[in-house]
């Protein structure tokens, strides 16, 4: 209709006998094309269910043992009688999601948010549930129970093909060794691509995936990053969300799935009883349309001498074009100058102490590197509260995900404003100078730094299980068995041996405590936070302190008396950590009155 209207308007221009009117109509036609020839709207899928009922069955397809209840959908069986070895699916069936466009190769971005609950017998764990994208319409495979999560009925080692392909985010409540699930705890999150062996996993404390959970899954078509965030609700009202977990992985959805897909949820059980209830669900996707066809040519009358109206219209059009061109050029120049100013500000940001920049001493190449401030802002979603991992005297630590290398999870230490003063800069420079030169499997790896915009930031590898003190004293930490505790202490001791004796210089850490002992995905220990660390010669082994530094309870009393830090004072701190791991009590905690 739009093209026909444009064509009709242009034909009238050609047949109009009056030259002045012809010029006016031609100008109108050009303006019409400029302002109204808009591309088609983005192809999108969007819906929102704050609750569920049987009235939704026209749009939501249920399969297997899934069923509608009052306010939610039971993904697996929820009925009287035997409900083990159950499976089910619930998927949006009103229309498919256009995942990618065959003509342009463009892939959609999408965001989905949902709340669900998993409940069962803690002595007999079930299998969990999953959010999936698969061929449209959804089709539940036969006999896909147990660890298959109702995604596929193929063997653990098989990779699905054709219409059986899927991409899923699993919320797994049992560690099945047959599909290489993490073995440290029962619960984990995983990203699956046409296989039950996850390409990326995050270990959670056992029994964490129970009761009320809220999840947001985002896919960015530019970076190809699939991001999963899980909030744990501690009460039935869903208001308290003091714990959250995140997992990201690069996924090529175009090669993994067909052009049109179904989105939904699946769950299965084995010989254990477990309920999986979907309570709310919102979804939105967008896919940029292919470029519009070129506008139809403006029809003209016979090649006669143009009238004054045509000349005036052409002159006005040329003037408008020049004005727009000048404005666009000016905006581009201003933007470029602004970016250059930011770069210069970051490059010339130095300390007021008159010292050289220690970062210039770090060898470039595969070691730590300098990050642009804007890259770290994007990685942490502008230092969003949801990404904060912890708060300390120095500032805060945030979870972030770098675009390059693809979706790498990092921990970003951001010094607070008052810590960006003289003392803060000293600790910042000390940490970079010391740890950037150290290489040991039981030391947290420094990836880079940033000191632009009057901000001090350090970028480390992310430790999924956070710090040791959370598991020793935290309300929601994982219970550490004796073998796990022994392993942690031996690895911490190995790190200290390297710092004190095996590196080219002796490194005094000066702040060894459980909150500075980080734990990786397998609960391996890595010593971090080198803000107070100092380098001394092996022959000396001590350093005079201008001020007492360390944490009360872990600080060697001799340091206070003599004012000197040494390898022995580090070992005193290590001994205090050893006692804390063994007895589960902080060194300065109050002893209850009813205890001896």
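Name the single residue, out of those in region 170-186 being out of contact with any helix residue (DSSP H, G or I) (no Cβ under 9 Å at 6 or more places or on another chain) and buried (at least 24 other Cβ atoms within 10 Å of the Cβ), that is nearest to residue 97 (Cα to Cα).
For region 170-186, the residue satisfying everything is 170.
Does region 297-319 contain at least one residue that is modelled with pLDDT of 75 or more and closer than 25 Å to residue 59 by Cβ?
no
Filter region 520-530 for residues that are modelled with pLDDT under 95 and crowded, with 21+ Cβ neighbours inside 10 Å and give the result.
Filtering region 520-530 down to residues modelled with pLDDT under 95 leaves 520-524, 528-530.
Result: 523, 528, 529, 530.
Restricting attention to region 479-491, and to residues there that are in contact with a helix residue (DSSP H, G or I) (Cβ under 7 Å, 6 or more places away or on another chain) and part of a helix (DSSP H, G or I), which single residue is nearest to residue 573 (Cα to Cα)?
Just the residues of region 479-491 that are in contact with a helix residue (DSSP H, G or I) (Cβ under 7 Å, 6 or more places away or on another chain), to begin with: 480, 485, 488-489.
Keeping just the survivors that are part of a helix (DSSP H, G or I) gives 485, 488-489.
Numbers: 485: 17, 488: 15, 489: 12 Å.
The extreme case among them is 489.
Counting just the residues of region 190-211 that are surrounded by fewer than 21 Cβ atoms within 10 Å (Cβ to Cβ) and out of contact with any helix residue (DSSP H, G or I) (no Cβ under 8 Å at 6 or more places or on another chain), which one comes out farthest from residue 148 (Cα to Cα)?
Step by step, filter region 190-211, then rank; the result is 211.
What pairs come out if I take residues in region 547-562 that are surrounded by fewer than 13 Cβ atoms within 10 Å (Cβ to Cβ) and pair them with residues that are modelled with pLDDT of 85 or more and not in a helix (DSSP H, G or I) whose C-beta lies under 9 Å away, six or more apart or interchain?
548/555; 552/587
Working only within region 141-168, note down all residues that are on the phi < 0 side of the Ramachandran plot and touching a residue at least 60 places away in the same chain (Cβ under 8 Å). Outline the logic, then answer.
Initial filter on region 141-168 (on the phi < 0 side of the Ramachandran plot): 141-142, 144-145, 147-148, 151-161, 163-168.
Selection gives 144, 145, 147, 148, 151, 163, 165, 166, 167, 168.
Restricting attention to strands (runs of 3 or more DSSP E) lying wholly within region 112-206, give those where 2 or more residues are farther than 30 Å from residue 484 by Cα, in contact with a strand residue (DSSP E or B) (Cβ under 9 Å, 6 or more places away or on another chain) and in the same structural domain as residue 90 (by TED's automatic domain parsing).
Of the strands (runs of 3 or more DSSP E) lying wholly inside region 112-206, those with at least 2 residues that are farther than 30 Å from residue 484 by Cα, in contact with a strand residue (DSSP E or B) (Cβ under 9 Å, 6 or more places away or on another chain) and in the same structural domain as residue 90 (by TED's automatic domain parsing) span 128-135, 166-172.
Which of the residues that make up region 90-104 are out of contact with any helix residue (DSSP H, G or I) (no Cβ under 7 Å at 6 or more places or on another chain), more than 22 Å from residue 276 (Cβ to Cβ) and part of a loop (DSSP other than H, G, I, E, B)?
Step one: filter region 90-104 for residues out of contact with any helix residue (DSSP H, G or I) (no Cβ under 7 Å at 6 or more places or on another chain), giving 90-98, 101-104.
Of the ones still in play, those that are also more than 22 Å from residue 276 (Cβ to Cβ) are 94-98, 101-104.
Hits for region 90-104 are 94, 95, 96, 101, 102, 103, 104.
The values are calculated or read from the model by the stated rules, or taken from the named source; none is laboratory data. These numbers come from a predicted model, not from an experiment. Glycine gets a Cβ as well: all are built from the backbone with ideal geometry, and neighbour counts include every protein chain shown.
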